[in-house]
Ligand SMILES: Nc1ncnc2c1ncn2[C@@H]1O[C@H](COP(=O)(O)OP(=O)(O)OP(=O)(O)O)[C@@H](O)[C@H]1O
Ligand SMILES: [Mg+2]
């Protein structure tokens, strides 16, 4: 028993691979630039990850239910533009609920297509990625959106404020993660999400309404996107139409990195938070060692591939497929 | 004495929390059919997976002939002449029989073109050996399950097999199809191939096997010659005690009619079905696979829309539109396919068991986990489910224990109408009689129970009345006093009296 078989080593590597790789990254970055491990830097990583993190929380629900959501990036642009525009027209107190309502409508529409009409979520949300982008441009007329009076609005607290010297975006992220974590792990609804994603036929045979469950997951995802849009708008008080572009892949990378399976049925909010932090640290580390920010696009891709590979490897207990 | 074709010595295999195999030794002679028996979770499938290269053992040796081997994977095992016929079929339905048999190693001509003539010839030679009624060009999707199993077996014959493993091959075969399978086994046997045969069905074991090896809780209990032993003796070795197989004549008062069906039809699947089940009554539905029994159950559970007829619950006509609706009306269905319909394999035992009632098992907004564990514990003890704990993923349980989880799941709903479809498929003898007893007890407590089964002993054993079906119609209804095996067989083959009650 003392001697590990090759298979056992493979299993361990596959199961803990992400954490091992992460540890290696952290050590290497710290050696390259000791600033990496400083408290200031750690704090700044969490703050800059908050928007991505909030979106990843919602996508976690969608992925566990066995579906994808590739529309979150362009939906976030939409929310940001809408809330900035309405801010000057009807004031922040009305703009925020109005923006949430509009974003939830988009989520409900996707949920209807994927849940009730049983359309493939990849196709639906990929289509929505570009459709919502078009919608945003139509809304804004292609112009950047800016708040007129940037100094005199309380709207900036969501992105720039802090309480007890903790930035508000971090507080929102932590609070939402705690709340959704409990919903997923402790409520009947959460249980149903796992069942639908794990085996939707068996879930149906157990009296669970698949369509309603999937629909609700997309609503939750849209709610998270709206929250992320709010933070983004409040932080910059002005925005381009493409502010969320490409975030959908980073969000997915964080969720998979946390260990949710693309096949559905597994994953947790806590693991997603870990995934978000890992991604944030890696991107930050790359900047600190002096690489250009656009290198991170490639790195994100590499991380996705690595995470998916390790997920599959853990399932078959080997790193390489025996049937090539 | 000849040498064994295969010899396993002192095999150990552990999983987290489970010692699945604890020093098991086992050998197979050329030309013998060697049964491997044991309760659910005893380690039979695990032992065969070690042999087939799917799991690596933690200790022990494997010899094929005189040579010691390590099986690195399924392909290597096959190359060494060990052929594993799984219960779950793995064929490409859209391809022809020949393509399936030679998938990945099709004979080639110049420029990589497939040599179709050679392929067809080779395949037909093998099929002739198997004596089957289809040929190389038939589409696999058009074949019955039994014939698909034949294709799996044919695949096995493309290599020079030394030993062939059958893991519960008959679980979904009809009686006629079993006969064909047994012929094939005896042909293989004549060629000197060693056969390992796993099944929970005693009558099969005593019909076709030469020796029986028995496992209990991962430990080897011994090997006996089939001709020198009896069912009781084998059972005793398996479960360590005697089994009471007498029919339970608990007669209790029948209550009101709980479920009544009038003239129910669903397209071509079944027509003009009428019956009633009273509280306290167990009604068996017996027939061949495809007689329409599962479809009736699915209709009652809201999974199919009937094209005509009425369903009455407690005398009131209802329309059942979804499983959710059916559950709310007090109907439970233990479905026939446990992996596809019954379980979420990646979920733990407790969560699977309480899934249909999770909405109601709450304290405040949260799932009441304590109550869930209590339910799980209750049915684990009741049904003797072998698992290291409720946290174990259902996919890691043995086949029979998975089935018990499904049964527990629906019993814990305390339904007024309980429908069970092939409830004891893959369940060992001891637990089987336990489940039968449970069904009788539930009836005594006032449940109306509908038992769909393709096993005659099962319906004879548990049912108060037996409905015989043939090709979508009810042929006859028997009471337990009047039924005989012969009349039942006649009724389900469509031979006897037509429009009986
Ligand atoms: N992948 C696994 N992970 C953890 N435990 C496992 C795994 N596979 C099997 N086991 C455990 O090993 C034991 C033996 O299981 P096995 O499938 O060999 O039983 P079996 O004799 O084939 O039973 P059955 O008659 O129900 O098919 C069981 O307790 C089972 O829970
Ligand atoms: Mg088994």
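The values are calculated or read from the model by the stated rules, or taken from the named source; none is laboratory data. This is a predicted model, so every value here is computed, not measured. Cβ: placed from backbone, ideal geometry, glycine included. Neighbour counts: every protein chain shown.
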**OP:** Could you give me the residue pairs with C-beta distances under 9 Å whose first residue belongs to the stretch A:178-189 and is away from chain B (no Cβ under 11 Å), whose second residue is surrounded by fewer than 18 Cβ atoms within 10 Å (Cβ to Cβ) wherever it lies, and which are 6+ apart or on separate chains?
**Re:** A:181/A:270
Original post:
Is it the case that the stretch B:127-137 has a residue that's within 16 Å of ligand 2 (Cβ to nearest atom) and touching a residue at least 12 places away in the same chain (Cβ under 8 Å)?
Top reply: no
**OP:** Using the structure shown, decide if residue B:55 is surrounded by fewer than 23 Cβ atoms within 10 Å (Cβ to Cβ) and away from every other protein chain (no Cβ under 14 Å).
**Re:** no
**OP:** May I ask you to list pairs of residues, at least six apart or on different chains, whose Cβ atoms are under 7 Å apart, with the first in the stretch B:366-392 being more than 21 Å from residue B:432 (Cα to Cα) and in the same structural domain as residue B:431 (by TED's automatic domain parsing) and the second being modelled with pLDDT under 90 and away from ligand 2 (no atom under 16 Å from the Cβ)?
**Re:** none
Original post:
Taking the condition away from chain A (no Cβ under 14 Å), more than 16 Å from ligand 2 (Cβ to nearest atom), under 21 Å from residue B:214 (Cα atoms) and surrounded by fewer than 17 Cβ atoms within 10 Å (Cβ to Cβ), does residue B:60 pass?
Top reply: no
Subject >> Test for residue A:157: is it surrounded by fewer than 16 Cβ atoms within 10 Å (Cβ to Cβ) and touching a residue at least 40 places away in the same chain (Cβ under 8 Å) >> reply: yes
Original post:
Going through the stretch A:160-176 one residue at a time, which ones are surrounded by 21 or more Cβ atoms within 10 Å (Cβ to Cβ) and either part of a loop (DSSP other than H, G, I, E, B) or modelled with pLDDT of 95 or more (or both)?
Top reply: A:173
**OP:** Just give me the residues in the stretch B:387-403 being within 13 Å of ligand 2 (Cβ to nearest atom), away from chain A (no Cβ under 14 Å) and modelled with pLDDT of 90 or more, in sequence order.
**Re:** B:397, B:401
**OP:** Check whether at least one residue in the stretch B:411-424 is within 16 Å of ligand 1 (Cβ to nearest atom), on the phi < 0 side of the Ramachandran plot and not assigned by TED's automatic domain parsing to the domain that holds residue B:17, and report yes or no.
**Re:** yes
**OP:** Please give the number of the condition residue B:424 fails out of (1) within 16 Å of ligand 2 (Cβ to nearest atom); (2) within 14 Å of chain A (Cβ to nearest Cβ); (3) in contact with a strand residue (DSSP E or B) (Cβ under 9 Å, 6 or more places away or on another chain).
**Re:** (2)
Subject >> Test: residue B:394 is surrounded by 20 or more Cβ atoms within 10 Å (Cβ to Cβ), within 17 Å of residue B:340 (Cβ to Cβ) and in contact with a strand residue (DSSP E or B) (Cβ under 6 Å, 6 or more places away or on another chain) >> reply: no
Original post:
Before we move on, is residue B:359 within 16 Å of ligand 2 (Cβ to nearest atom) and modelled with pLDDT of 90 or more?
Top reply: no
Original post:
Among (1) more than 11 Å from chain B (Cβ to nearest Cβ); (2) assigned to a helix (DSSP H, G or I); (3) crowded, with 20+ Cβ neighbours inside 10 Å, which single condition is residue A:244 missing?
Top reply: (2)
